[in-house]
Amino acid sequence: MIGQTLDHYKILAQIGEGGMGVVYRARDEVLNRDVALKLLAPGALDKVGRSHLLREAQTVSSLSHPNICTIHQVGQTSSDFYVVMELIEGRSLSDLITATGLSMETVTRYGTQIADALAHAHDRGIVHRDLKGSNVMVTAEGRVKVLDFGLATRLEHEEISELTLSYSSLESKLVGTLPYMAPEVLRGQKGDHLRDLWALGVLLYEATAGRLPFRGNTGFEVTSAILREPPTPLPATVPHGLVAVIQRCLIKEPTERYQRASEVRAALEALQGAVLQIRHPSEETRGQQTLVLRGMEHLTVKNGDVLLLVGTNKGAFLLRSSRERARWDVAGPYFHGQGVYAMAYDGRNRRHRLWVSTNSLMWGTFLRSSDDFGRIWTTPLEASIRFPIESGASLKNIWQICLGREEEPETLYCGVEPAALFESRDGGESWSLVRGLYDHPHRPRWMPGNGGLCLHTVLPDPGNKERMYVAVSAAGVYRTEDGGNTWQARNNGIRVVFMPEKYPEFGQCVHKIVLHKARPERLFLQNHWGLYRSDNRGDSWQDIARGVPSDFGFAMLMHPHDADCVYILPVESDEFRCTPEGRLRVYRTRNAGGSWESLECGLPQKGAYETVLRDGISTDSLDPAGIYFGTRSGKLFGSRDEGKDWKKILEGLPQIVCVKAVVIEMDEAPAAKPYGKAKPTTKRKTSLRKSVRRGKRR
Amino acid sequence: MQILFKIPGPLREFTENRSDVRVEVEAGADLHKALQTVFAACPGLRDRVLTEAGQIREHVNIFVANEDVRHTGGLATAVPDGVEISIVPAISGG
């Protein structure tokens, strides 16, 4: 098959083989992406079975969940029947489980994700029917993906009889399946979603103990054990809570088991905080518990809610409000003690994914994501953003996470230090260095600003997929017109006060650039001294600092609906990087820089020596727009009437380095439902004191 | 020969929560070789201890017995049989 083309899929390589057929890596030549293509063995199904499977696969293809392998297409030719799926790079759970089992923390983390996938499918009337370790993949980032939903061959009663009698001679697919089969299925019943919860119990047992709960030398013995015997006891070191969850999954009478996958998920979720305490009572590990277990209640997010992502130099916070934006629930700190300089929310393609860059002084910088509003975060084993070895460079920080254009929902960009642009075309799974910019002849002469040599702003042109702007401190604005292959400095008219030559081609310390999608040819720029506008895509810039107390500043924000409206927060000077006169004032222009007005109602006007950093201001997309900004002193302010009146939302946070506001749009039940006892917090103090660990942070 | 790695708390999520990881390396191996062995056993460690360019991270200290390897040849430091290698975060911070 290798090299052949099936429909528009070019078969590249065989990556697996199972009872039902062979799995290939294939190239989708229309969408230009690699996929997994499962080609069913010719004898795997008869005609009725095929049409049944076809209908079922079509139903399964409607599932959209971060822990379920997406089915792109089901197809058949005159001779072949095939299923096209998301290509998942990782290892199967059965490969990962060692002879002594996995850590409790890992079991609950994986188990929670599997249960969440089952809950999603069960809610839609889809039963997996063949859940087992080899059908669960774990990506390098630690994300679980359940494969082959509903695609298992339906074992008829006769086959089961055969299975139990001649275990050793059966095909491998059946041998692999038998130990996970629920008693009711072995008794010849069809079984409903509760059979999946049994299989989940077997899987959790296996992952915990490194062996199966029901064993035997023949199929008959295995079947007998499943039907009649209790599972082999788990090791005494396994926490009681986890034992209880597994036991309840493995109750032989289906009606006495958990009745919903979401119950298993909630139980595992609640265990995550407790696991380490029980397992490691020694003094030595207690220090680590303090570090890992410090936690909070998580947010429960609904359609239409406004979410604030707040990154600080010591961790991230999430805030949620209804559209009224009057009261905020707070969760955090996530990534305790680490700098979070970039955050983003990706709601494209029905995702609800938070992105965060975490920067540890000791252990480096990693890109992390959560698909459930912060309960579980990916912990990549390897850094996904990394400089090629031959460059000799190493990543210091990620300053910006930027979504690609709406019509490119799998595209993401990261601006990093040392100054470089990385892009992902697969929704953030893999990243590559944009060489056109990295190899720019100017690069050796770029100078680091106070924050290091960082690429802090990425602006794709919303109307032209070949055009993009980046801003580098201190190198200036660069633009590409050919999708990133070549880049031109675009700094004509921007003054550099700290160089002998005041208007060089590059070397400007640009602090922020913004544009509005309705007028993408027009850019606004806050410089290290200087406020500018360009009406010609950055070809030339003109000074627009009229009526501001200082043209020095960092933050700049475009109004979401008004292309003439821009907000800034001036600071006094490069030597005194605080608000002029100790007055915290936001300045706004509504005529594209023709004039500026002070917005200060509700903001402290005495002794307020504050600084708002370059990504410290954001807006939601509501009307009237909400404007939010955070200060280096850890205060978070918000206005729900476009800046007319301000209120302090929070104070006492670590130094705020980024704020992102988003309105959550869900077209169906949210991926993240309330779990167990988790309730939204209403007070910051409450959230900071809580010590129940429900998500993975570090 | 056997080498014992002492793992600091923040990295134990990659070592099944173990503070001690014992690895078997061939006689005469240097620190680089020993690290490669422990990274293979615990894959999350590598990118936390070394940069992608292969250098020990600036704020990570590695001790072979009681010697900071920055003063003993870096990754080429010899590791005798049975020695303890400690990965220690620097006390810097902000």
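The values are calculated or read from the model by the stated rules, or taken from the named source; none is laboratory data. Here the structure is a predicted model, which is why all the values come from computation and not from measurement. For neighbour counting, all protein chains shown are included, and Cβ atoms are generated from backbone atoms with ideal geometry for every residue, glycine included.
Structure values in brief
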read-out	value
Subset of the stretch A:29-69 (residues that are part of a loop (DSSP other than H, G, I, E, B), under 19 Å from A:Glu17 (Cα atoms) and either modelled with pLDDT of 80 or more or in the same structural domain as A:Gly347 (by TED's automatic domain parsing) (or both))	A:Cys69
Residue within the stretch A:305-326 that is of a type in the set (Val, Ile, Thr), in contact with a helix residue (DSSP H, G or I) (Cβ under 9 Å, 6 or more places away or on another chain) and over 26 Å from B:Ala41 (Cβ atoms) present	no
Positions within the stretch A:337-356 being within 14 Å of chain B (Cβ to nearest Cβ) and crowded, with 20+ Cβ neighbours inside 10 Å, in sequence order	A:Gln338, A:Gly339, A:Tyr341
Of residues in the stretch A:229-287 being farther than 30 Å from A:Val127 by Cα and among the β-branched types (Val, Ile, Thr), the one modelled with the highest pLDDT	A:Thr237
Failed criterion for A:Phe214 (all others in (1) buried (at least 22 other Cβ atoms within 10 Å of the Cβ); (2) of a type outside the set (A, V, I, L, M); (3) not in a loop (DSSP other than H, G, I, E, B) hold)	(3)
Conditions (1) surrounded by fewer than 20 Cβ atoms within 10 Å (Cβ to Cβ); (2) of a type outside the set (A, V, I, L, M, F, W, C); (3) under 23 Å from A:Arg33 (Cβ atoms): number failed by A:Thr98	(3)
Selection count where residues are in contact with a Cys (Cβ under 9 Å, 6 or more places away or on another chain), outside any loop (DSSP other than H, G, I, E, B) and not acidic (Asp, Glu), scope the stretch A:402-419	6
Residue ID - surrounded by the most Cβ atoms within 10 Å (Cβ to Cβ), chosen from residues in the stretch A:365-383 that are in a loop (DSSP other than H, G, I, E, B) and aliphatic (A, V, I, L, M)	A:Ile376
Test for A:Ser391: is it in contact with a helix residue (DSSP H, G or I) (Cβ under 8 Å, 6 or more places away or on another chain) and hydroxyl-bearing (Ser, Thr, Tyr)	yes
Members of the stretch B:74-94 found to be in contact with a strand residue (DSSP E or B) (Cβ under 8 Å, 6 or more places away or on another chain), away from chain A (no Cβ under 14 Å) and assigned to a loop (DSSP other than H, G, I, E, B), listed by number	B:Thr77, B:Val79, B:Asp81, B:Gly82, B:Val83
Meets criteria (of a type in the set (D, E, K, R), more than 14 Å from chain B (Cβ to nearest Cβ) and part of a helix (DSSP H, G or I)) for A:Asp116	yes
Residue that is crowded, with 19+ Cβ neighbours inside 10 Å, of a type in the set (Lys, Arg) and within 14 Å of chain B (Cβ to nearest Cβ), where the choices are A:Arg386, A:Arg320	A:Arg386
Residue check for A:Arg495: more than 23 Å from A:Gly626 (Cα to Cα) and of a type outside the set (Val, Ile, Thr)	yes
Within the stretch A:389-409, considering residues that are buried (at least 17 other Cβ atoms within 10 Å of the Cβ) and more than 14 Å from chain B (Cβ to nearest Cβ), the one nearest to B:Thr51 (Cα to Cα)	A:Trp399
Close pairs (9 angstrom Cβ cut-off, 6 or more residues apart or separate chains): in a loop (DSSP other than H, G, I, E, B) in the stretch A:437-466, buried (at least 19 other Cβ atoms within 10 Å of the Cβ) and β-branched (Val, Ile, Thr) anywhere	A:Trp446/A:Val472; A:Leu453/A:Val472; A:Glu466/A:Thr480
Residues located in the stretch A:584-600, provided they are hydrophobic (A, V, I, L, M, F, W, C) and in a strand (DSSP E or B)	A:Val586, A:Leu599
Filtered residues of the stretch B:8-53 (kept if at the interface with chain A (Cβ under 10 Å from one of its Cβ atoms) and in a loop (DSSP other than H, G, I, E, B))	B:Pro8, B:Thr15, B:Glu16, B:Asn17, B:Arg18, B:Ser19, B:Cys42, B:Thr51, B:Glu52, B:Ala53
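For (1) surrounded by fewer than 14 Cβ atoms within 10 Å (Cβ to Cβ); (2) under 18 Å from A:Val107 (Cα atoms); (3) not assigned by TED's automatic domain parsing to the domain that holds A:Ala99; (4) not polar (S, T, N, Q), each residue gets a yes or a no:
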| site | (1), (2), (3), (4) |
| --- | --- |
| A:Leu227 | no, no, no, yes |
| A:Pro230 | yes, no, no, yes |
| A:Pro233 | yes, yes, no, yes |
| A:Thr237 | yes, yes, no, no |
| A:Ala244 | yes, yes, no, yes |
| A:Arg248 | no, yes, no, yes |
| A:Lys252 | no, no, no, yes |
| A:Arg260 | no, no, no, yes |
| A:Val264 | no, yes, no, yes |
